[in-house]
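This structure is in structure tokens; I'll ask about it shortly.
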């Protein structure tokens with residue numbers, strides 16, 4: 001962004017003037033001066049409101065910063081009070097801070113810098129430094145900062161925890177889209193609000209910011225909402241999970257890879273809720289505990305109550321036994337004479353700092369304060385398009401644990417296409433059944449032949465055999481650019497339509513949808529046995545007459561003709577039974593154009609999933625069974641079905657359809673196989689097209705996700 005975004009700091013407060021005054025002192029000390037302070041007050045006592053307003057007036061006079069005090073009514077509750085503060089905020093970025101928490105002196109400047117650096121960053125959340133006394137706080141001047149994929153974070157965490165509001169920043173445009181906190185809840189209103197923020201980013205395929213603790217401190221005290229509203233936490237969490245069970249069903253194909261994963265998400269939430277409830281009751285004062293336990297038994301039922309209570313009491317014992325078993329196991333298996341490490345050439349390279357670090361878990365062991373740290377899922381949904389400029393400008397890139405899943409080759413393909421000549425990429429991992437250090441090098445040679453040379457590896461083959469579980473560090477140096485289709489800019493989209501001209505209503509619907517929703521230059525090439533009079537003279541439409549024996553259906557030649565005559569860099573070849581949705585064109589902005597061949601998501605008119613992310617067994621030199629993969633799954637037997645096929649013109653020039661194959665002879669499978677054998681990837685494009693009919697929809701079973709087999 002050319003101009004720095006403006007910031008509004010919103011502090012909802014309710015009495016507790018002494019704590020608010022301490023919080024306000026931490027705002028005084030901010031190095032950043034160009035921000036707006038909004039105090040939203042629903043204090044019940046008039047003297048509290050008067051004192052808080054006086055403190056705000058003094059702050060305004062002494063700092064000469066913009067400050068706004070708001071009071072509309074007492075006892076609004078957390079959600080309504082926060083909402084009125086957020087509505088009054090005028091900055092581009094809105095930041096929340098509770099009136100009993102504290103800011104690090106340089107926090108606001110540090111946070112705003114990240115929004116200024118990335119125009120596509122809409123949400124930043126942070127871990128907290130918990131404290132009871134101010135002297136306990138140990139600020140971190142440079143917290144570790146990561147860009148994470150929000151869907152992965154949601155799956156792993158949102159049924160059991162949420163980001164605290166005092167570390168939450170978001171663009172005001174996000175607030176305008178999702179609305180504020182739901183005001184019928186008194187406790188989980190911030191949890192539900194945060195979830196809406198990151199689900200918005202997940203739907204748009206944008207990354208969100210996540211910072212290690214260090215910028216703000218979360219006060220633990222007896223008068224905190226956390227300690228007083230334990231009943232509300234339980235009932236509202238239960239209600240939220242029930243609502244998500246209904247609403248997230250619509251997103252299941254994108255959010256959860258399988259029904260089992262979805263079930264595990266809610267099961268973790270249920271266990272968390274019950275354990276949290278009993279632990280909260282244990283912390284109550286003795287005179288309150290008896291009534292509370294009675295309430296808990298009524299909510300859970302006696303059997304469930306004692307079951308959870310037993311698990312909690314047994315948990316410390318199980319934890320100690322687990323540690324003991326690990327210690328015994330390690331002692332038995334540790335070699336008596338461990339070979340000494342042998343120095344290898346360029347050993348300094350293995351400890352040098354990286355400009356970009358990429359990994360799939362939130363562990364911080366390999367992350368650097370000054371690097372761009374990316375935490376993304378290693379599966380078929382991985383797209384690094386949003387950070388391509390960071391990768392292309394980086395001189396040193398580190399990828400940690402690439403073989404944590406069987407999708408490692410996809411991760412490798414996605415990464416290597418954004419590495420520029422002269423840059424080095426370091427792989428840090430432990431050999432496993434998915435991939436070894438020599439398997440990595442072999443695959444690089446397959447998918448990027450001639451583009452990389454060896455720079456360093458931290459073990460010799462002899463040492464690797466002697467210590468099979470040691471950490472591998474393999475450093476490769478890029479010596480050649482990626483293929484043209486990964487780097488060519490998008491000049492526009494050519495939509496090639498295969499039709500007989502006998503379904504004009506559907507053909508017109510396809511044309512109208514493309515012309516209406518396209519966000520880039522577009523043309524439409526109509527391939528038919530004869531010219532269609534109704535389309536003559538329409539702008540941006542060209543007609544290509546292709547006369548052939550319809551008994552054979554030379555469909556490959558038709559597709560090649562479209563690509564040969566296409567005026568633009570990107571091509572979508574489709575049949576006349578499809579229409580485009582806005583998401584098809586919008587997805588180019590976030591998913592990108594760094595692909596060779598891809599298939600979009602297909603929906604039928606009644607909302608069912610059509611033939612899109614397809615798979616057939618074997619090399620397909622004969623008729624074979626197939627089905628549909630889960631969207632986040634992948635198989636070496638996946639292919640781009642021919643309903644709508646997306647291909648870059650530069651990729652088509654290297655990989656045209658085979659003219660020997662006719663209609664229904666699996667010409668799209670053959671093309672996909674040829675690309676895959678050449679090290680290219682068949683990609684799933686997240687944009688959606690609608691099919692008026694799909695003759696295969698009942699003949700393609702959904703293939704359950706399996707992390708050990710292709711089919």
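State the Cα centre-to-centre distance between the range 134-173 and the range 551-578 in whole Å.
If we compute the Cα centre of each part, the gap is 47 Å.
Can you sort 594, 247 by how many other beta carbons sit within 10 Å, fewest first?
Values: 594 21, 247 10.
Arranged by neighbour count, lowest to highest, 594, 247 become 247, 594.
Using a Förster distance of 41 angstrom, determine the FRET efficiency expected from the C-beta separation of residue 678 and residue 130, and round it to 0.05. The partial results should precede the final answer.
Details: r = 54 Å, r/R0 = 1.31.
Plugging the Cβ-Cβ distance into 1/(1 + (r/R0)^6) gives 0.15.
Sticking with this structure for a sec: If you wrap a convex hull around the Cα atoms of the range 354-394, how much volume per residue is inside, in Å³? Walk me through the numbers before you get to the answer.
Numbers: hull volume 2.7 nm³, N = 41.
Hull volume over Cα atoms, normalised by residue count, gives 66 Å³.
Further, regarding this structure: Which angle between 0 and 90 degrees, to the nearest 10, do you get for helix 78-88 versus the longest principal axis of the chain when only C-alpha atoms count?
70
Let me ask another. Roughly how far apart, in whole Å, are the Cα centres of the range 446-493 and the range 198-213?
Each part reduced to its Cα centre gives a spacing of 29 Å.
Can you tell me the relative contact order of the range 21-71? Whole percent, Cα pairs under 8 Å, sequence separation 6 or more. Kindly include the intermediate steps, with their values, before the conclusion.
Working: 43 pairs, mean separation 24.1, N = 51.
In percent, rounded to a whole number, it is 47.
On a 0 to 90 degree scale, rounded to 10, what angle separates helix 189-203 from the longest Cα axis of the chain?
20
With every atom except the alpha carbons ignored, what do you get for Rg and Dmax of the range 1-97, in angstroms?
Answer for the range 1-97, Rg first and Dmax second: 13.1, 46 Å.
Still on this structure, I have one more. How far apart, in nm, are the 7 Å Cα→Cβ label points at residue 302 and residue 462?
7.2
Let me ask something else about it. Shape of the range 7-228 from its Cα gyration tensor (a ≥ b ≥ c, root eigenvalues): rounded if a/c is under 1.5, otherwise prolate when a/b > b/c, or oblate?
On the way: a/c = 1.45, a/b = 1.32, b/c = 1.10.
Cα axes put the range 7-228 in the rounded bin.
If packing is taken as the average number of other Cβ atoms within 10 Å across a peptide's residues, how do 436-447, 141-152 rank, most packed first?
Numbers: 436-447: 16.5, 141-152: 20.2.
Ranking, from highest mean packing down: 141-152, 436-447.
Given points 7 Å out from each Cα along the Cα-Cβ axis, report the residue 505 to residue 389 separation in nanometres with one decimal.
Simple spin-label model gives 4.8 nm for this pair.
Just for the chain, what percent of DSSP beta bridges are antiparallel, to the closest 5? Walk me through the numbers on the way to the answer.
Working: 39 of 103 bridges.
Bridges in the chain are about 40 percent antiparallel.
Another question, if that's okay. Which whole-number percent gives the relative contact order of the chain, counting Cα pairs below 8 Å spaced six or more residues apart? If you can, show how the numbers build up before the last one.
Details: 1288 pairs, mean separation 67.8, N = 711.
Computed over the chain, the figure is 10 percent.
For the range 572-711, calculate the relative contact order in percent as a whole number, restricting contacts to Cα pairs under 8 Å that are 6 or more residues apart.
Details: 245 pairs, mean separation 57.2, N = 140.
Relative contact order here is 41 percent.
Another question about this same structure. Taking the 0 to 90 degree range and rounding to the nearest ten, how far is the long axis of helix 437-447 tilted relative to the main principal axis of the chain, both from C-alpha atoms?
Result, in degrees: 50.
OK, next. Kindly give Rg over Rh for the range 436-585, based on alpha-carbon atoms, with the Kirkwood expression for the hydrodynamic radius. Working shown, then result.
Numbers: Rg = 24.1 Å, Rh = 19.3 Å.
Looking at the range 436-585, the ratio lands at 1.25.
Listing 621, 568 from the residue with the fewest other Cβ atoms within 10 Å to the one with the most, what is the order?
Numbers: 621 10, 568 17.
Lowest to highest Cβ neighbour count: 621, 568.
What ratio of Cα Rg to 2.2 N^0.38 Å holds for the range 70-171? If you can, show how the numbers build up before the last one.
Values: Rg = 15.2 Å, N = 102, 2.2 N^0.38 = 12.8 Å.
Computed over Cα atoms of the range 70-171, the ratio equals 1.19.
How do the peptides 626-637, 496-507 rank, highest first, by the average count of neighbouring beta carbon atoms within 10 Å per residue?
Packing proxy ranking, top to bottom: 626-637, 496-507.
Show me the ranking of peptides 41-47, 196-202 by mean Cβ neighbours inside 10 Å, starting with the highest.
Values: 41-47: 16.0, 196-202: 21.6.
Ranked by mean Cβ neighbours within 10 Å, highest first: 196-202, 41-47.
Let me check the size of the range 353-482 from its C-alpha atoms; what are the radius of gyration and Dmax in Å?
13.7, 41
Now a separate question. Fewest first, what order do 612, 606 take by the number of other Cβ atoms within 10 Å?
On the way: 612 24, 606 6.
In increasing order of surrounding Cβ atoms, one gets 606, 612.
Also, I was wondering about something else. If you restrict to DSSP beta bridges whose two residues both lie in the range 353-482, what percentage is antiparallel, to the nearest 5?
Numbers: 12 of 24 bridges.
Taking every DSSP beta bridge within the range 353-482, about 50 percent pair in antiparallel fashion.
Suppose we look only past 23 Å in the calculated P(r) of the range 486-703. What percent of the Cα-Cα pairs does that tail hold? If you can, show how the numbers build up before the last one.
Values: 10148 of 23653 pairs.
When all Cα pairs of the range 486-703 are counted, 43 percent exceed 23 Å.
Coordinate-derived values only; no laboratory data. Bear in mind that the values here come from a model prediction, so they are computed numbers and not experimental data. All Cβ positions, even for glycine, are placed from backbone atoms using ideal geometry, and neighbour counts span all protein chains on display.
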